[in-house]
There are 2 protein chains.
Amino acid sequence: MGELSVEKKLQELKTRLLEIDDLTSAASVLSWDQTTYMPPAGAPSRGRQMATLGRIAHEKRIDPEIGRLLDALEPWAETLPYDSDEASLIRVVRHDYEQFIKVPPRLLAELNEHAAGAYQLWTQARPANDFTAVQDSLAKTLDYSRQIANCFPGYDHIADPLIDFADRGMKAESVRALFAELRQQLVPIAKAIATQEPADDSCLKQNFPEEKQLAFGLMAAQKYGYDLNRGRQDKTHHPFMTSFSVDDVRITTRVKENDLSEALFSTLHETGHALYELGVSHDLDGSPLAGGTSAGVHESQSRLWENLVGRSRPFWNHYYAQLQATFPEQLKNVSQDTFYRAINKVQPSLIRTDADEVTYNLHVMIRFDLELALLEGTLTVQDLPEAWHARYEADLGVRAPSDVDGVLQDVHWYAGTVGGSFQGYTLGNVMSALFFEQALRAHPGIPAEIEQGEFGTLHGWLRENIYRHGRKFTANELIERVTGGPLTIEPYIRYLRTKYGELYQAVA
Amino acid sequence: MGELSVEKKLQELKTRLLEIDDLTSAASVLSWDQTTYMPPAGAPSRGRQMATLGRIAHEKRIDPEIGRLLDALEPWAETLPYDSDEASLIRVVRHDYEQFIKVPPRLLAELNEHAAGAYQLWTQARPANDFTAVQDSLAKTLDYSRQIANCFPGYDHIADPLIDFADRGMKAESVRALFAELRQQLVPIAKAIATQEPADDSCLKQNFPEEKQLAFGLMAAQKYGYDLNRGRQDKTHHPFMTSFSVDDVRITTRVKENDLSEALFSTLHETGHALYELGVSHDLDGSPLAGGTSAGVHESQSRLWENLVGRSRPFWNHYYAQLQATFPEQLKNVSQDTFYRAINKVQPSLIRTDADEVTYNLHVMIRFDLELALLEGTLTVQDLPEAWHARYEADLGVRAPSDVDGVLQDVHWYAGTVGGSFQGYTLGNVMSALFFEQALRAHPGIPAEIEQGEFGTLHGWLRENIYRHGRKFTANELIERVTGGPLTIEPYIRYLRTKYGELYQAVA
């Protein structure tokens, strides 16, 4: 194949990929609107419009012509450096294509239709504390999840294909091993803290007017490097980040006027996701290489900016005075140390999304283990509510008064598949410390800079080493490039021991 | 063809039409976002995304399978009542399809690409008062407009196909005749008023805080029947109404804090457009029958609610006290009569969109005549700026100090075709009085109801007689059904003479 022919075929492939990206980005705009501004009665037609865009995009993704173009381009791509834009594009598109074509469109359409109905059921069943109302539907979701997994024969564990969708390269076994190791370290820390007087976080539970909360959060986001020329913040029910191009990446937040930490840390969390997407090289914009490389790596960035920076002493050494000035009445008599302890309060609780840094991962592990058991068939959907309670009592020493904050708590199982949706949260926590430690090694002055309210060096290091690559490298490849080794929990445990050892006895 | 076969083919046609509707509605959401909330840097990718959706929708619109389905269904449709949903669908889809397939996709793509560039040029040329910067581009637009028109051979006037796109059934000759008749009536009225002291509208030019203006406008819109469960109001630069389904119809507005009339009447205007779209029968939702039947009929509804209701004495007999209560400082010493005269001030001016009810149509006629002359070739693009000034001097007795408020004033010629984009504004004014007169004949109590701040009877009549039909009937068919006769200017002239005869001498 001559040069000209390669160029033409590459152009043809890129044109097709750009069209698919336009369709999926359009669907994302519709989804953003749905959860921010759409009037209630617009819901049914909006669901249909999004489904149509999704279906057309999928038809174009599995077009056999893409397979033919890849066949033709691969010999050429193999002559290029592994990390070149072109070689990476061909490699990642091949991976995606093989994944897409293995799931029959009929099965995918059925699952999507089922998921939409299952989600509706859940939105009613949760407030009604009625697990029986979703039980059959969840059993069907589980069945579809198995069918999807079985489109990828040759797995070691039936959850592997589902885990691979979100965290490519991870498997049930490797995640289990990592989680077991982590658990062994975490439980003693959590137990040591549990015996001590919990921090007093009443200073966060006063009345904080919405507008001021939103303004402070957005100020902090902008200080992190979130550019309102390329993004914006809106209110929603369940905060998220969404990207319509490298230059239009939006965050959403939710404000509780009686809880200062809710909107603030949610905003910093979503800002972390957004900085990742905004930092992808413009050369990759509109291609499948734009965006985060895995659920875990994405979460590592949201948690890094939310927790390792946003809940750190250096950050508040600079910004607490500003927060006090924003809420003088509420905070004038609250010392910085009291505030710091409040935002880092550790206490076993029922709700994953409200959990502290130490116990959060135990919530995730419960869900991950239950998912595997459901997929294996060692746990039935009928027995799931009680299995949930039992694990919470065993691992966290708490029991939800009902299924509302039990098995009905998270949307994940009721809006997609069972399997693959939770491990990324904990992988992200582990990676956040791994990456942060590397950044500090390269630039030991980062904490001092944060203490000045500046984040440029940290942001620059992350952009250079993680963000700009987009999906060029898998999580494991990225970790290897950044640290010279595989994923390890050591930096995360070091981080927790150092931080909480200073706050509580018998932790470090 | 048996019954079953008909049903299956009809279903197949509807499925295809729904898919097209989903794509065009999605494009509308993207456009709404672009002009309300999109961060600036999102523009380039947004343009591409909208172009992709438009291209895919067009490919599906001109799919020969639609022609084959129509061929198969027409004999059956002809056995159905003319005004049935099914017969109307087949009839309107046939009309649209024949129109779509006559324009080569290549020409359409070229025109769209050119229009995007031409619009960009205009956004820079207008503030710079530099017509020469857009002259070549406008000449090209004119050439494309002729090419589009020539896709429909057999016309009487080259503008006819372009007029037909917006106002089906109208032609250059019929519009010219109607406009000539109207002009003969309007000019003496305008002249009679021009000799008298203009109304004092300084009461509108005080400082009116944005939030209160927005709230009052939205209150009035809701009183009209605009349901926030099915719509919403947002701010933008150039107000518009947009529809994503029968149950999601949005308005936008622009506030000038030093001009009370700007946002208020713009809101009532867009609400009129919205009530039309919201009133379409749910049975037509998602089909090409949903939406307004022509530019003129659409404008008749915006003008009816803006002017015939919103600038009427009965309306303000009820709402002026509320407006005073909203802006006590500004309006406490302004009598209702002074306010009424201010919002109905007649004075020849330079800007179409700011023009009063009497002179507005003269602005439109100037543009319409210039369009025809350009298309005929009796006027060159080079001579257009001076021709514009000459007509304004002759018709309105004013001359813009530059092209900014002259030939560069309206976006229309710089963002689409030359031809067909202006006649609808005046047709709408004429129809607004025609329809309103019929509503009053059926329900003489409407003014008394408006005086109570209620609009249900008027809204109900319009929904029953106009809105619910969507695009089932052409403008002319609709007028015939509603009035028993053809389009006539008499009601509109009667309306103007009555209203302005009471305000000025020698008018009635």
Say a label goes 7 Å from Cα toward Cβ at B:Glu86 in every copy; what distances in nm does this one have to the rest, shortest first? 5.8
Phi-based couplings in Hz for the stretch A:344-351 (Karplus 6.51, -1.76, 1.60; Gly and Pro marked x): 10, 4, 10, 6, x, 8, 8, 9
Eigenvalues of the alpha-carbon gyration tensor of the stretch B:336-389, times 5 and square-rooted, give semi-axes in Å, largest first, of 32, 10, 6
Grab every C-alpha pair in the stretch B:285-328, bin the distances at 10 angstrom width from 0 up to the longest one, and report whole percents. 24, 30, 23, 18, 4
Run down the aspartates and glutamates and flag those whose C-alpha is under 18 Å from the C-alpha of A:Lys345, throwing out any fewer than 8 positions away in its chain. A:Glu197, A:Asp200, A:Asp201, A:Asp259, A:Glu262, A:Glu306, A:Asp337, A:Asp354, A:Asp356, A:Glu357, A:Glu502
Loop only per DSSP, at most 10 neighbouring Cβ atoms within 10 Å: give me the chymotrypsin sites (Phe, Trp or Tyr not before Pro) in the stretch A:21-108, ordered by residue number. none
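Taking a quarter of the surface of the convex hull around the Cα atoms of chain B, what do you get in nm²?
The Cα convex hull of chain B, projected and averaged over all directions, gives 23.5 nm².
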Give me, ordered by chain and number, the residues 5 or more places off B:Gln206 or on other chains with an amide H under 5 Å from its own placed amide H. B:Leu260
at B:Pro40 the sorted inter-copy label distances (label 7 Å from Cα on Cβ side), in nanometres, are 3.9
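Averaged across A:249-256, how many Cβ atoms of other chains sit within 10 Å of each residue's Cβ atom?
Partner-chain Cβ atoms within 10 Å, mean over residues of A:249-256: 1.
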HN-Hα couplings for the stretch B:10-22 via Karplus (6.51, -1.76, 1.60; θ = phi - 60°), in whole Hz with x for Gly/Pro, come out as 4, 4, 4, 5, 5, 4, 5, 5, 5, 4, 5, 4, 4
Compactness index (Cα Rg / 2.2 N^0.38 Å), the protein assembly as shown: 1.06
Where trypsin sites (Lys or Arg not before Pro) fall in DSSP loop in the stretch A:86-150, at most 11 other Cβ within 10 Å: none
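Give, to the nearest whole percent, the P(r) tail of the stretch B:3-102 beyond 21 angstrom, counting all Cα pairs.
44
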For B:Asp234, the residues 5 or more places away or on another chain with a placed amide H closer than 5 Å to its own amide H are B:Ile251, B:Thr252, B:Thr253
With A:Gly470 itself left out, Lys, Arg at +1 and Asp, Glu at -1 over residues whose Cβ is under 12 Å from its Cβ give -1
Ellipticity estimate at 222 nm from DSSP helix runs (n ≥ 4, -39,500 (n - 2.57)) divided over chain B, nearest 500: -20000 deg cm²/dmol
Chain B - charge dipole about Cα centre, Lys and Arg +1 at Cβ, Asp and Glu -1, debye rounded to 20: 420
Taking each label point as 7 Å beyond Cα in the direction of the beta carbon, state the distances from A:Thr132 to the same residue in the other copies, shortest first, in nm. 8.4
With the contact rule set at Cα under 8 Å and sequence spacing of 6 or more, what percent relative contact order holds for chain A? 20
What trypsin sites (Lys or Arg not before Pro) does the stretch A:312-371 have in DSSP loop regions with at most 11 other beta carbons within 10 Å? A:Lys332
So what is the relative contact order of the stretch A:3-102, in percent, for Cα pairs below 8 Å that sit 6 or more residues apart? 32
Checking the cross-link filter: which lysines have an alpha carbon closer than 20 Å to that of A:Lys8, excluding same-chain neighbours under 8 positions apart? A:Lys60
Enumerate the lysines that B:Lys212 could reach by cross-link, defined here as Cα to Cα under 20 Å, with residues fewer than 8 away along the same chain left out. B:Lys223, B:Lys235, B:Lys256, B:Lys332
What ranking, highest mean first, results for peptides B:419-426, A:113-120 when packing means the other Cβ atoms within 10 Å averaged over each residue? B:419-426, A:113-120
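Readers should treat all values here as calculations from the given coordinates under stated rules, not as data from a laboratory. Please read all numbers here as calculations on a predicted model, not as lab measurements. FYI the Cβ positions are ideal-geometry reconstructions off the backbone, even for glycines, and counts take in every protein chain you see.
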